[in-house]
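Peer 1: I'd like to ask you about the structure that follows.
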Amino acid sequence: MALDELVDVPAPADPRVHGHPIERDGMTMVPLTRQAGGLQAYKQLFPPRWQVGNTEQKVHDGYEWLYVLSGHIRLLLGGRDFVLARGEVVEFDTRVPHAFSNPFAEPAETLILVGPQGERMHVRASPAGRPSSR
């Protein structure tokens, strides 16, 4: 007799994540975690020429880790300017001013991990007709 039969362990729940994509300013974030709070993971899809010329850097509490799956992403981080290519990773304290863009001709995809404070900044939607204050 199996131990599961003796202690009547319930069958595990479906482990697949079925999050709904979130669109923000033309960029799409696909949730890869389903638990509220704690560390959250997202796949980000940046269309070509997304936020070209955007140099407005934001700050918020938290910490971010980003991995580039495909394409290129521009990261302004304080006084530094980086172009991140497929396979590159960045991690930083989000109290440092930062901004992402995809000024390139091809789309880009990333994986991003953010803490609870950073998640609120990334997925908060703007009221209709008003720009986001991120």
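Just so it is clear, none of the values below were taken in a lab; they were calculated from the coordinates. Here the structure is a predicted model, which means the values were calculated and not measured. Backbone-built Cβ (ideal geometry, glycine too); neighbour counts: all protein chains shown.
Peer 1: Quick check of the Kirkwood formula: for the range 17-123, what is the inverse mean of 1/r over all pairs of different Cα atoms, in Å?
Peer 2: 13.8
Peer 1: Continuing with the same structure: Using DSSP to define loop residues, name the GluC sites (Glu not before Pro) in the range 1-100 whose beta-carbon has at most 14 other beta-carbon atoms within 10 Å. Mind showing how you got there, number by number?
Peer 2: Numbers: sites: E5, E23, E56, E64, E88, E91; in loops: E56, E88.
Answer by residue number: E56.
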